Every structure is written in structure tokens, then in C-alpha cells.
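**Student:** I have a structure I would like to understand better, so I am pasting it below and will then ask my questions one at a time.
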There are 4 protein chains.
Amino acid sequence: MDNLRIGDKEIRNRLFIGSGKFADEGIIQDLMTETGVEVVTVALRRVDLQNRQQNVLRHIPPEAILMPNTSGARTAEEAVRIARLARASGCGNWIKIEVISDNKYLLPDNNETIKATEVLAAEGFVVLPYMHPDLYAAKALEKAGAAAIMPLGAPIGTNRGLKTKEIVRILIEECSLPIIVDAGIGKPSEAAEAMEMGAAAVLVNTAIATAGDPLIMAKAFSQAVQAGRLAYLAQPGQTVEYARASSPLTGFLQD
Amino acid sequence: MDNLRIGDKEIRNRLFIGSGKFADEGIIQDLMTETGVEVVTVALRRVDLQNRQQNVLRHIPPEAILMPNTSGARTAEEAVRIARLARASGCGNWIKIEVISDNKYLLPDNNETIKATEVLAAEGFVVLPYMHPDLYAAKALEKAGAAAIMPLGAPIGTNRGLKTKEIVRILIEECSLPIIVDAGIGKPSEAAEAMEMGAAAVLVNTAIATAGDPLIMAKAFSQAVQAGRLAYLAQPGQTVEYARASSPLTGFLQD
Amino acid sequence: MDNLRIGDKEIRNRLFIGSGKFADEGIIQDLMTETGVEVVTVALRRVDLQNRQQNVLRHIPPEAILMPNTSGARTAEEAVRIARLARASGCGNWIKIEVISDNKYLLPDNNETIKATEVLAAEGFVVLPYMHPDLYAAKALEKAGAAAIMPLGAPIGTNRGLKTKEIVRILIEECSLPIIVDAGIGKPSEAAEAMEMGAAAVLVNTAIATAGDPLIMAKAFSQAVQAGRLAYLAQPGQTVEYARASSPLTGFLQD
Amino acid sequence: MDNLRIGDKEIRNRLFIGSGKFADEGIIQDLMTETGVEVVTVALRRVDLQNRQQNVLRHIPPEAILMPNTSGARTAEEAVRIARLARASGCGNWIKIEVISDNKYLLPDNNETIKATEVLAAEGFVVLPYMHPDLYAAKALEKAGAAAIMPLGAPIGTNRGLKTKEIVRILIEECSLPIIVDAGIGKPSEAAEAMEMGAAAVLVNTAIATAGDPLIMAKAFSQAVQAGRLAYLAQPGQTVEYARASSPLTGFLQD
């Protein structure tokens, strides 16, 4: 089996999803069940921690791997507080760190993210930091105890695709942790491309939530991620400049 | 069901494959059975029509939809002769027309292709012409009685991808026949992209046959084609310039 | 000198311009004088042939190389009639053939273009056919007596860029006539790229005419075309996967 | 005049060059004189500070703006020492900071770069930091007193082009300092594109030094940079999906 291991979990489906922006959150459960998606991220601030029945968590299948995120945090310290709150509230010990103080493009702050990762990894969290693709930051996150590295493909929520390909490719090559492309992926073909390059997984939210039919789009992404993974394993053939005939161009009619 | 109808056939799997360039042709049968690929093209010149047991046809599952091709033809007349020979030999009435007299890039000759299409469609063939993407040629092929239009994505055998995207997109929009991207597709992500644009199917040969593991690569392509088709049906959300926060950036910690 | 020879003319500036879509046609003369652009195409239908003082021609510097075009022609026959009318009216013997019957994307009809080229070349015109990039059509235009080949980069008037790069590159490699990229080029960088690939010239209209400042934009294109030409002549270095240090990474401080 | 002001200098030519990798360093002087390039970066470690007659500096025209760089530095501290040495040796008070400890792709270390910038700006240097494109790092460099920001387009020495376009565009929009694209630019068209996006300047070394004819290639880059700058100032027209006819498609022959 070609599972992805993160922390103590074996993950079969390498499509991770986000739970924001759905017009109808009730669809999330069906969507996860039908596609076999196992990992879902939830913004803690969208969760009423006092009342599980009134929040997005009631739409998450019980067997899902919950990856609470620290969306809303502007500093490492805030992220750390949100993470602890999440664990204390029974959301488990996975945490996706998001530290953002750029109000326009919502780009992540690598240095604050590294600090939060260090603290939380030391406290036993399985830490998945969302980051701006940068090799030194990725190495620092490895050293800080991250369980995976989550570079963005394009600014979050834009559906613009894998615009940071050049650097993500280097992270995949140079880091020993799984690289999970998170943010910006707008179409299944782009998710497949990330996986063909050797990404370990892809996280998609906006592209599914804002599709005409989110359920069908989730299936599309799930298949595309599998396709990209298989292509990576199958070792693509060479790209060449010239066409080569599969048989000589002498007409067989003359034979 | 979202089947593709061509001629009198209902096709479930929108990945079509070619049978050339396999190091071991014996793999073709498994590959088609395991992926559910239904349509396969075979170069007539690679078939010893006298001896079905000694040729590539013995590796094609009996339930497959056989699409003989006229590879090796340099003129409409040669293509017509090959097509008739194919039908007379029991290969059925589908014919993929390839007329090529460019020895380097193996680009198809649209005018000769149109002529052959006209003759063969009048003779009751289900004609699938391989063509250089050009709107006037596509319209002429429609008028000549083609059952689908097969524009190239890049020169055949190059694995270079969907380089003719700009024009293929116009063919999809402006033609009423199914558009099947044929030639050049090197990775599953590229096949998915063609399908997301609204292609009806994708034909792949070199990228599967020259992969490290052709069977796994065929699965990858089959899934990617399905993913792209689903994405097309699901109606992708908009691509935007700016990230939009899924929730306001006011920290929930202060609430 | 690195001049471009077409017909009996030596051309120094490889930027050709169109005269349509200018908010103020009066700018054309200054624009040509200041940039040194020598070749300009004019739609005959925009010319009142009876009255040179009331038409766009009065804005063309007398020393310019006039390339009337057959815009508006839907068939070879119409193009031929327009060309003859142009010559008879004193517009010279250059003719840019445009035959278009696609009302949406305004794509050129290669077969009608080839027919018109054949007739007009035999009548002594210097024929510059606008065409959809296709190797067989380019070869047919060569044979028909064209003086250069003018493939489109993207649908006319779209500013979308060099979208047909893959095929234009093949035309440049495989044809002996000068290849002039015409239509679709939206930015100077795209014109430069076409020239770097070995195009002989680039024709630009919409991108100049619709710029905020057409005169400055014309200068930008003129410089970019020269830059691209020089780069082609200078033979670019190799593109590599890995960075190579220009000097060893041992700190000189330790020396 | 559209000059670029950095520190106390007014710069007319927005192409900056590097002095490494030339097969014959003697060409640098001609190249700068003939193209009007004013700013040149020199690796201090390639300079024998005791002997100006034996080092690359003797090939730099006396009126040039010298931008010594700290190539070879692996930490902020080393960069600071190199910068001070440069100033003490009469190389002026401009310093391009390069801090690199990645041996394969030679990517810059943003955090060490920020530290060095802070120290050197406080000491009165005109600091031009080479950096990995990241909005937070760019803001920190602004705050640290940088005179401009120099993000990479691709790993240094690769000629791969403007691969970081998505993020460089954001830096240009969100930063108040001039953005100078440095590293990776392989062709003049790519330099033009950076300028069209609003970059203040482009630094090129490998693409010039490794061209078949470095002098001609330098001219090509200089023109392309000017072209891109003019295009930016001229405000490009809109890119559209559909072609629009510049005049109606009713044949004028019928009029």
C-alpha cells in the first residue's frame, strides 16, 4: 500500500480538504464519505467550542482525521494559544499552523510559523505548518519538529494554481518531510501536477467549496490526486523535442 | 450516465489508448482490463492481416472498441485504401485517419485528411480524423462526415503536453462534434486539463508506453481523464487576483 | 547590416505596425517617424480610394513601405479583387492577404489564402499572407509564391500573446521564407520572445493602438523587437536545472 | 526623465549587470560603455584588494556605479565583514548583500540577509539585499533600511526565467522600495516582462556572460529592459478572450 504516514496516522487518500466557504456545510459529510477523503482542516474560530452541535464539527464524519487550524492568528503566540485550546477541547493533537498578518493576499508569516511550530512540537502536537515556499524556512520547520511542510501554490482562495512550482519542486527534492501543497490550487489538473512532481498530498478548499457542484468537484480532485500520485510512482517517460514515428513512414501498401 | 457516444457506440471510459511503442505488447490486455479503457487504436501496418495470432490484435481484449488507424499513409488515397483493407479484414468500421508527409514532426496534413474523411464517411465508416488544430479544417471535417475531431496537443510522441490549448479551446467551443485530444499529452495532469476545458476524450500512447511502469501509468491517465471530466461537469469556481479570507482576520481570541 | 529583405525592399526595423483602432489616426505619422517603423498595413476598406486626403493614408509618411491588406475578404476571389484595386489605386505591389469568414475569433482561412497567394504572386505582387500556423499551409504558401509567412500568435485583437509558440517554432525551423508573427501579440516581451525564437519580424496593431500612450508603446515594441533580434543573433546560453556558483562557496574571509 | 533613484544616485539604464562568468573579463568595459549600463556588481572575493591592477575592477569603467557584493558569505556576520572591507578598500558605500548557505540551488537566506541589512544600513551603506521573494521578508528589509529589494526570478545561474512572477508581482504592488529582479533571467524577453510588471530594474549576469556573443547579448538586454519600462509607462491595453474586428466583416466590395 502506498499510504502517507503523518504522525501516528496512515492516510490512504492524499487529498486533504478544508471546511470553509461551503454554501451548505451539510454537504461536507457526504463529500468525505463518498470520496474517501480522510483529512479535513477546520478553523477553530469557526467552531463554537462550547457547543459541538451548533458548529461545523457536527458535519465531520467521526472517523475523519481532524486537522484544526489556527486561522486568525497574527503571531506565533496567538497560534500557540489556539492550538492548545483546540487540543483541550477534544479536537486531537494535530494542528495546522496558519499565522497571517498580510491583510490583502493572506500570505503566511514564515518566521512566526517556525516559532509556533517549535513550541507546539515540543508539546507533543503533530504540527503541519502552512508556509510561503522558501527552502531555509522549510529546513527550519523540519528542525523545529514539523510533521510535514505545507507550502502554498498561490495566494489562498484565488484558484490560481501551482504558481510557485519552481520553488515547491526544490522543497520536494531537498526536504525529508512530506510536502503538502496547500492554497491556490484551483483545478484537479493542478493538483495532479503537484502530485506528479512528488508532493505527498494536496489540500483544497476554495476550489471545491465554490464549484457549481462541490460534491462532484471533490470527486474530481480526489481522482486527480490519485492520478498524479500514480504517475509519480510510474515514472513518466522523457519529453522530447521531435516527434518519433512509432513505425517507419514507408507506406506498408507498397510492401 | 455520462457516456460519450461516437457512431453506434456508448463509451464509458474517455481515455483512448494507442498500442504502439510498448516494449512488451502483452501488457496491453491487462492494461485495458484493469483500467476499463475501451477504445484502442492500432496501426494497420503493424497488423499482419493474414495472421491474427501473430500480430498486436491478439493482445486486444475481444470486447474492446477497435479503432484501426491509417498510420503510414501520405495521401488521402492511401488512407482510403488502408481503411478499406481494415474493414475487409474484419477490423470493423471505425477508422482513425492519419495522413502524414512531414518526416520530422509527423504533423498531420489537414487537406488530405478532409478528403479521406469525405470518401470514407460516404462509405459508412465511423471516421475519426487526427488533425492539426485549425477551425476551418475542423468545420470541413464536420461537413465531410467525421464522427469526432482529433486535434493534436503537441507533435506526436513528444510528451510535450497541451501546447495547442488556445486553438483546441476554440474548437471545443465552436464545433458540434466531440473533440478528442490526440498526440503530445505526456502527463495525466495534461490529460485532465484537456478534459476540464471540455474535450470529450483524450488519446494517449507514448506517455503510457514509455513510462517506467506502463500499467500504473495507464491507471493514472484513466483516473486523470475521469477527474478532468468531472471537474468540467462540476463547473469550476472563479479564479481571482486577490485572496479572500474565509473568515475575517480579527482574532477570535479577543472575542 | 542585419536587414530583412522582402521583395525588393531592405527593411531595417523589424516591427511592422497596423493602422487600425487608433483613437486618433493623426498619431501614426509621428509614431512611425519617431520609432523608425517602416512597414505599415492599411485595410483597403478603410481607405477612400477616391480621396487620399480624407483617408488614413494621409497619416502614413511618404517614405513608408505600404502593405495594404485585404481585410473584409471572405474568399480568395474577394481578396484578389481587393489586391488589384489597391495596386490600381497607387498603393504599390505589396499585399497582405487576409481571408476570414470566422465571425467570432476572426481566424484566417488557410486554403482561401493559399489560392489568393497563388493568383497574386503570379501577377507580380509581393504577397504576405496572414495565416493560421500549420506546417503544410506554410509549405503551400511557399510554393504559391509568398514573400513571407505571417502566422498568428493568438486571435487578432486579443492581446493574448504568443499562444501558438509550439507551432510557430516549427514553421521557423522548417520554412525557408521569413516568418512574421502577426496578431495576438499584446506586450513587448511577447514580441521579443517571438524574435528570440527566430521570427523575422512582428506585426503589432491592437497592443499599440489601445495602449494608454500609443506613441510610447510603439517605442517599447520597436525596442523589444530589436532586443529579441539581437538576442537571437547573440546565441543565448544554456538553461540549466541547477544553479552553479560563479565562484566557490568557500568564504574568502578564511583565506 | 524617467531615472531610477537609489541612494544618492540617479540611474538612467535600468539594466544592472554582474561581472562573473565572463570567459574574457576584458569585454566588460566595452560592454558597459556601448550599452550605457551604469551599475555593475562585483564579488569582493574575486577582487584582490591589494592589487587593483590585477583584478576585475580594472575592467570596470571609472564612471560606473560599483555595487560590490558579499558573495561567499554564509552568515550575516560574514556579509557585514565583507561589506566593511569593501568600503575600506575604496569600493564605495553601495553593497549588494548575498548570504547563501544552500550549496545546490544557491538560494539566499532571508533572515541572515535582513540582519546584515540592518547593521549595514545603520552604518550608512546603501544596502541592496538579494532575497528569496517573500512579502514578510521584503517588509522587514524595508524596515531594516534597505535601499531596494532584489528578489530572484529563478535560482542563480540557471537562465530559467521569471519563475517567481506570482510573488514578485505582489512585492511590486505591496512594497514602497524599488524591486530589482536579480538572478535567473535568461532571455531579454523575460527581462522585459519583469519591467512590464513594474520592476524598477533587472540584474543579469549569466545570460550575458554565457551567450555566444556577450556584447550583443548585453545590448539586447539593455534594449529589452528599456522596452519593458516604456511599456509599463505606456499602460498596456486590455487582454480579451475574443477577437474584435477593427472594422465590420461586411465586405466593402459590395458597398
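The values are calculated or read from the model by the stated rules, or taken from the named source; none is laboratory data. All figures in this text were calculated on a predicted structure; none of them were measured in a lab. Here the Cβ is made from the backbone with ideal geometry for all residues, glycine too, and neighbour counts use every protein chain on show. With ligands, DNA and RNA removed, areas are computed over all heavy atoms of the protein, side chains included. Shrake-Rupley method; radii C 1.70, N 1.55, O 1.52, S 1.80 Å.
**Student:** Working only within region C:200-220, note down all residues that are at the interface with another protein chain (Cβ under 9 Å from one of its Cβ atoms) and not in a helix (DSSP H, G or I).
**Tutor:** Of everything in region C:200-220, those that are at the interface with another protein chain (Cβ under 9 Å from one of its Cβ atoms) and not in a helix (DSSP H, G or I) turn out to be C:205, C:210, C:211, C:212, C:213.
**Student:** Of D:190, D:166, D:196, D:174, which residue is in contact (Cβ under 8 Å) with a residue 40 or more places away in the chain, on the phi < 0 side of the Ramachandran plot and facing another protein chain (nearest Cβ under 8 Å)?
**Tutor:** Answer to the check: D:196.
To keep it simple, each residue is scored yes or no on (1) in contact with a Lys or Arg (Cβ under 9 Å, 6 or more places away or on another chain); (2) surrounded by 24 or more Cβ atoms within 10 Å (Cβ to Cβ); (3) farther than 14 Å from residue B:229 by Cα.
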residue	(1), (2), (3)
A:201	yes, yes, yes
A:205	yes, no, yes
A:224	yes, yes, no
A:233	no, no, yes
A:236	yes, no, yes
A:242	yes, no, yes
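**Student:** In addition: Kindly list the number of the only condition in (1) over 28 Å from residue C:217 (Cα atoms); (2) facing another protein chain (nearest Cβ under 8 Å); (3) in contact with a Ser or Thr (Cβ under 9 Å, 6 or more places away or on another chain) that fails for residue C:144.
**Tutor:** (2)
**Student:** For region B:188-199, name all the residues that are surrounded by fewer than 22 Cβ atoms within 10 Å (Cβ to Cβ) and either of a type in the set (Lys, Arg) or within 14 Å of the chain's Cα centre (by Cα) (or both). First the steps, then the outcome.
**Tutor:** First pass over region B:188-199, keeping only residues surrounded by fewer than 22 Cβ atoms within 10 Å (Cβ to Cβ): B:197-198.
Listed by number, the list holds a single entry, B:198.
**Student:** Continuing with the same structure: Being in contact with a Phe, Trp or Tyr (Cβ under 9 Å, 6 or more places away or on another chain) and among the charged types (D, E, K, R) is the requirement here; does residue B:174 meet it?
**Tutor:** On the way: in contact with a Phe, Trp or Tyr (Cβ under 9 Å, 6 or more places away or on another chain): yes; among the charged types (D, E, K, R): yes.
Considered against the rule, which asks whether it is in contact with a Phe, Trp or Tyr (Cβ under 9 Å, 6 or more places away or on another chain) and among the charged types (D, E, K, R), residue B:174 comes out as yes.
**Student:** Mind checking which residues of region D:109-147 are open to solvent by 10 Å² or more (accessible area, probe 1.4 Å) and under 18 Å from residue D:157 (Cβ atoms)?
**Tutor:** Hit for region D:109-147 is D:109, nothing else.
**Student:** Taking region D:177-187 on its own, how many of its residues are under 14 Å from residue D:229 (Cα atoms) and either open to solvent by 10 Å² or more (accessible area, probe 1.4 Å) or at the interface with another protein chain (Cβ under 7 Å from one of its Cβ atoms) (or both)?
**Tutor:** Quick first cut of region D:177-187, residues under 14 Å from residue D:229 (Cα atoms) only: D:178-181.
So of that shortlist, the ones also either open to solvent by 10 Å² or more (accessible area, probe 1.4 Å) or at the interface with another protein chain (Cβ under 7 Å from one of its Cβ atoms) (or both) come out as D:178.
Matching residues across region D:177-187 total 1.
**Student:** Related question: Examine region B:80-87 for a residue that is of a type in the set (A, V, I, L, M, F, W, C) and away from chain A (no Cβ under 14 Å), and state whether such a residue exists. Working first, answer last.
**Tutor:** Residues of region B:80-87 of a type in the set (A, V, I, L, M, F, W, C): B:80, B:82-83, B:85-86.
Those left that are additionally away from chain A (no Cβ under 14 Å): none.
Scanning region B:80-87 turns up no residue that is of a type in the set (A, V, I, L, M, F, W, C) and away from chain A (no Cβ under 14 Å).
**Student:** Report the residue count in region C:90-108 for those that are within 13 Å of another protein chain (Cβ to nearest Cβ) and either of a type outside the set (Asp, Glu) or open to solvent by 50 Å² or more (accessible area, probe 1.4 Å) (or both).
**Tutor:** Qualifying residue count for the region: 9.
**Student:** Check off (1) at pLDDT 95 or above; (2) under 26 Å from residue B:237 (Cβ atoms) for residue A:109 and give me the number that stays unchecked.
**Tutor:** Condition not satisfied by residue A:109: (2).
**Student:** Identify all residues within region D:199-239 that are among the β-branched types (Val, Ile, Thr), under 17 Å from residue D:30 (Cα atoms) and touching a residue at least 40 places away in the same chain (Cβ under 8 Å); write none if there are none. Quick ask: steps written out before the conclusion?
**Tutor:** Let us first name the residues in region D:199-239 that are among the β-branched types (Val, Ile, Thr), namely D:202, D:204, D:206, D:208, D:210, D:216, D:225, D:239.
Among the residues that remain, those that are also under 17 Å from residue D:30 (Cα atoms) are: D:204, D:208, D:210, D:216.
Of everything in region D:199-239, those that are among the β-branched types (Val, Ile, Thr), under 17 Å from residue D:30 (Cα atoms) and touching a residue at least 40 places away in the same chain (Cβ under 8 Å) turn out to be D:204, D:208, D:210.
**Student:** Is it the case that some residue within region C:149-172 is surrounded by 24 or more Cβ atoms within 10 Å (Cβ to Cβ), farther than 23 Å from residue B:160 by Cα and in contact with a strand residue (DSSP E or B) (Cβ under 6 Å, 6 or more places away or on another chain)?
**Tutor:** Yes, region C:149-172 contains at least one residue that is surrounded by 24 or more Cβ atoms within 10 Å (Cβ to Cβ), farther than 23 Å from residue B:160 by Cα and in contact with a strand residue (DSSP E or B) (Cβ under 6 Å, 6 or more places away or on another chain).
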